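Quick note: the coordinates plus some simple rules give every number you see, no bench work behind them. Since the structure is predicted, the reported quantities are computational estimates derived from the model, not experimental observations. Cβ atoms come from the backbone with ideal geometry, glycine included; neighbour counts cover every protein chain shown.
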């Protein structure tokens, strides 16, 4: 028996004054995410410099090791998905928290190249695999509209935590000098251990009776809108079942196309602004601040407004549309190239806001869609396949963007726009092939033994109010 879900009455920005059902252990879960993000913010903005000061190795060696470790970790993602299905998302979440904590605790002692490579590989596996475990954990705990709400809150906390961690690391480095990098590594390790302790307080969830839906083949069964087959039957297929589920692979493909827009802000914008528009470097810093603040403060209310579209595919496609508009706007700005600095600053910041709105609208709906479309027994494998779309986009974006920049500074932005439009169109097409229970962010509640209230995400026979 686990605790009843508690209603949070009138939480500002979350419910619009209406009651919101909390999932069991929600406060501990979100607190762990926030602490994790603060720790990560202490090294992500300084990653190469951070590792240079902590290990004492040359930058060229560090860069090569991190690149190889990143590719190796991406190759291990399918194994992470299998482990989630076999051992449960909760156990994997805790294990990956501990793995990441041990990795950062070991970095100050990894002064040789082999030692650094070993620690970097283990830490990269933890970093790349953790989103799979966390999203699967949210899928275990939340149903229906709760998934979007938790995804939006998690993303807001992540951005706020990254900003706070960056500020904290800057203060430590300013006060302690080079020793501040070592202190940041130790505190980051401690943040993972603290997050694990909080995540351990979140109760394990029993399988909901009708929450999982079976993967569809690409033929007649794709038209089905009823519940999928039981998880036990689906669980026997492994990755063969994932690869046979063409609609889900379509979701991953659409996400890869749209994810290029996410990478454009961090990879493409600084080079474009300084090299093509002759903008000051401080402007790119201001753009990152605008993006971080908006993601931290507006994520939850924007996700709540996006739910009014009634379909997760429509909401995610709308977010892709904002990415496309931002990409086209950047291409126009690269054509006009205004000489007046206020025009450059105003245009760039406006387009950054537009892309950020696309991020806020797309991400919660797309994440909830990928979770809801995965059968419970294979949720880890499905989400690992989906996570590969993020990792692949993040990996190919730097070389792809720089290659196009060498030809014409507008080409990478046009690519972002076309890719986002194609991804959005694919999502809308998939909306006609996915079950209604996957598309609609609605939740039904059923009673289980012990008087616990569980949200199923599948409409019950009697009408129930949609989750707020």
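General observations
- Two-site label geometry, residue 86 and residue 61: point separation in nm, points 7 Å out along Cα→Cβ: 3.5
- Compared with the direct C-alpha span, the chain from residue 102 to residue 72 gains 8.9 nm at full extension, assuming 0.36 nm per residue.
- Computed lengthening from residue 48 to residue 164, 0.36 nm per intervening residue step minus Cα-Cα distance: 39.8 nm
- Convex hull volume per residue for the range 239-436, taking Cα atoms only, in Å³: 113
- Backbone N under 18 Å from the residue 396 label point (7 Å along Cα→Cβ), restricted to the range 247-268: 249-265, 267-268
- For the Cα trace of the range 24-200, dividing Rg by the Kirkwood Rh returns an Rg/Rh value of 0.98.
- A Förster radius of 60 Å, combined with the Cβ-Cβ distance separating residue 308 from residue 109, puts the computed FRET efficiency at roughly 0.70.
- The modelled label-to-label distance for the pair residue 436/residue 179, using points 7 Å beyond Cα in the direction of Cβ, is 6.6 nm.
- Inter-part distance where the range 73-146 and the range 398-438 are each reduced to a Cα centre, Å: 28
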